[in-house]
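Data first, discussion second: the structure below is written as structure tokens.
The values are calculated or read from the model by the stated rules, or taken from the named source; none is laboratory data. Bear in mind the structure is a predicted one, so any value in this text is a computation, not a measurement. Here Cβ is always computed from backbone atoms with ideal geometry, including for glycine, and neighbour counts include all displayed protein chains. In case anyone asks, the SASA skips ligands and DNA or RNA and just uses the protein heavy atoms, side chains included. Shrake-Rupley method; radii C 1.70, N 1.55, O 1.52, S 1.80 Å.
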Amino acid sequence: MSELGIALRRWREQLAPAAVGIPTSSSRRSRGLRREELAELAHISVDYLARLEQGRVVTPSVQVVESLARALLLSNEDRHLLFELSGRVPHQNTMRTELTPSVQRLLEQLQSPVCVYDALWTQLAWNRSFAILLGDPSGWTGLDTNLVYRYLVGAPTRVQHTPNDQDYVGAYVADLRATQAKFPDDPKVKHVIASLRAASPHFAELWESDEVASLHATHKILVHPKVGPLHLDCEVLRVEGTDLRVVLFTAAPGTPAANSLQLLASFDIEPVDASTGM
């Protein structure tokens, strides 16, 4: 059996018939749903459900996955797991942008610079270390809060761009393409994508290229006006069960960059100078 088949059978056997309006009797042997009952609720054939549970089919269509999720009364977490096991991207009405308690603790307790973005790469929250390192973003509005937009239009930044960044921006565009596929009806998604296309011909070119790339850890050089260049590792983390992306800057212990990050903690937060990027 496949992981998908195991999960489907477990959910079916755990779902009480009464929860989906099926009357039960004392002679019923199964505590959960019978295969025939789930197939009827999901509007698929019993044979097809059997092949799913037995691992003979591992990539059902999005429509079948949606029907099974509804029939099984799955929670949001289990629904996402079902889509993941099926190799499909679930459609949702809107992005989830609320910070989870764990992400909030990350911002409050971590000393390293941290910024949280939504699935469009729009800034949602950051800690004090991030604002000191890269400049205070609290005054930004509209598209200025979007990481991809700021890069494409050459907005002021303390990050030194390299030729490798040109390749890496394709990974951000690919991630945005996945976001659009996941939230095709979200007005914010439609607005931001349309605005990026209008603001940057390069973005439009990348968008139409259908380039496939994944985000990964990178090395960044940031130039702070008071401590000078810092060589930092930049990690991009996804928060399970959310639509959040977390960007984290760190330095190896004992390095000049690590010492500079500790020193920055005593500085005040300042805005990024539009003329110098510092």
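Per-structure values
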| item | result |
| --- | --- |
| Gyration tensor verdict on region 71-224 (Cα atoms; rounded if a/c is under 1.5, prolate if a/b is larger than b/c, oblate otherwise) | oblate |
| Using a Förster distance of 22 Å, the FRET efficiency for R28-M1 (Cβ separation, nearest 0.05) | 0.35 |
| Per-residue SASA entry for E205, accessible area with 1.4 Å probe, Å² rounded to 10 | 120 |
| Portion, in percent, of the accessible area of region 176-278 that falls on carbon or sulfur, probe 1.4 Å | 57 |
| Surface accessible to a 1.4 Å probe, per residue, for the residues of the chain, Å² | 52 |
| Reference-scaled alpha-carbon Rg (2.2 N^0.38 Å with N residues) for region 94-143 | 1.15 |
| Residues with amide H under 5 Å from that of L124, placed H, sequence gap 5 or more | V116, Y117, D118 |
| Column: log10 I(q)/I(0), Debye, Cα scatterers of region 45-85, q = 0.19, 0.29 Å⁻¹ | -0.53, -1.11 |
| Compactness of region 1-49 - radius of gyration and Dmax, Cα, Å | 11.1, 33 |
| Sites D210 and Y48 - FRET efficiency at Förster radius 45 Å, r taken between beta-carbons, to 0.05 | 0.90 |
| Volume per residue of the C-alpha convex hull in region 126-174, rounded to whole Å³ | 93 |
| Under 11 Å, Cβ to Cβ, from T250 - net charge with Lys/Arg +1 and Asp/Glu -1 | -1 |
| Highest-fluctuation residue, D47, D186, D144 considered, GNM on the chain with Cα pairs under 10 Å | D47 |
| Carbon and sulfur %, accessible surface of region 7-155 computed with the full protein complex present, 1.4 Å | 47 |
| Ordering of 132-142, 4-14 by burial proxy (mean other Cβ atoms within 10 Å per residue, highest first) | 4-14, 132-142 |
| Paired Rg and Dmax values of region 1-152, which use every Cα atom, in angstrom | 22.1, 69 |
| Inverse mean reciprocal Cα-Cα distance (Kirkwood Rh) of the chain, Å | 21.7 |
| Label point 7 Å beyond Cα of Q14 along Cβ direction - residues of region 33-50 with amide nitrogen under 15 Å | 33 |
| Protein-only accessible surface order, largest first, of R70, R88 at 1.4 Å | R70, R88 |
| Per-bin percent of Cα-Cα distances, region 159-256 [10 Å] | 13, 37, 33, 15, 3 |
